[in-house]
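Worksheet: the structure to be examined is printed underneath.
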Amino acid sequence: MEFPPIYSFPPLYTRQPNAVIRNKQIDSWIDIILSISKQQSLWEIDSQGNFIQQSISLFENKDIDRTVSPLFIKEILQRMVKTQKLVARDDMSDSTYCILWKNLDSWASLMLEWFETTNKLNQVVTIYELTSGDESIGWEFHSMPDPLVSKCLNLLVKRGRATMLKDEYNKYIAIKVV
Amino acid sequence: MGQKGSKIKITEQDKAVLQLKQSKDSIHKYTRRTSDLISHEKQELKILIQNNPKNYKENKKIRFLLKRVHYQEHLLDQASDQLINLENMLSNIEFKLVEKQFFEGLKNGNSILTKLNKEFANVDEVLDDMQEQMAYQDEINETLAQHVSGVNDYEDEIDKELDAMENELMGKQKQEQEALPNMPSVGRLPELENTKPKVGDFTPVKSPANKEQQGQEPALLA
């Protein structure tokens, strides 16, 4: 993992009392979270700041012996939700978030590009095929978790380019793009 | 399906393809899991052999693990075959759909062609009529040609008349020439002899054969 130099700067881990400085501090944290997520293909984070797929303790820097307090982590995450860098994974609860190091629209466009370049238009494609199949290896959305995929694909449906298919449990399993 | 208001329809074929793809996905998942398992167990096997370099052939755990690896590999092979079968099936379906489109295109083209051909239904009549008209045209041409030949006969008469007139003229000139010796002599004979060839140049007017040659000359030159 490559961290920006500011990651080793001790004051970054303490919530700054001055609002102007704190805003910058939070922005720096958001930049770090997004760049690390993109680097490591991290997709989801819980409300305590733990990444779901991998056990990376981003808010604890053992090299300089500093840790971000849970409350401040929440503040950072709240800001990310506000600026649409995070989106609740399920509509019901907000215990888990999807990390948007690319916004939903860009993801949707990238997927559309995949459908077009791999000649998958006008046929049913399963979500598994889209994110875990051999044909999407090398595309940034490979290994994207299903909830986030559904959100992106829903945008395509709204654009009038696609229809989603559900299984018997009312879960989206496939899409047809035209 | 679940989306109301969307215009994209899910056909029965799509559903069938979806089922195929779902089974393909699960086999894909299985092969991935199994190959992970195999590589993991192989790694374990290596560690075990490294730990017991002497009697690893007698070690039951190692033998068991190796058997398992073989069995898993066998399963993986089967799964890959099935995956290939499914993929073949899918591409067959896809190709059949393309063929269906091709066939429909052919059918449409054929119906348009027959429709167009129907417009040629009375082509025989038209052709017969045309032949009749052409025959009639020939008849007219022939009739006209006869008229032209009649004119030619007339021209012969003209020629004859012209010849007659010429003969008449020639007769007069001959008489004049004959009359010349009767004219009083000039007395200077040598001078007259010099002019004689000039008179000879003009004499062809008198003979019809020479006249024809003169008439043909420009035609040859052209």
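General remarks:
- Too-long pairs where the Cα-Cα distance tops 26 Å, listed order kept, from A:120/B:42; A:171/B:24; B:21/B:100; B:9/B:118; A:85/A:120: A:120/B:42; B:9/B:118; A:85/A:120
- Going from the fewest other Cβ atoms within 10 Å to the most, the residues A:109, B:39 appear in the order B:39, A:109.
- Per-residue Cβ neighbour counts within 10 Å put A:175, B:62 in the sequence B:62, A:175, beginning with the fewest.
- For the range A:104-177, the square roots a ≥ b ≥ c of the C-alpha gyration tensor eigenvalues yield an a/c under 1.5, which makes the shape rounded.
- Computed extension length for residue B:108-residue B:164: 12.0 nm, one decimal, from 0.36 nm per residue of separation with the Cα-Cα distance subtracted.
- Reach of residue B:115 by Cα under 17 Å, taken over lysines that are not fewer than 8 positions away in the same chain: B:107
Read-outs throughout are calculated quantities, based only on the coordinates presented, and are distinct from any laboratory measurement. These numbers were taken from a predicted model, which means no experiment stands behind them. Cβ: placed from backbone, ideal geometry, glycine included. Neighbour counts: every protein chain shown.
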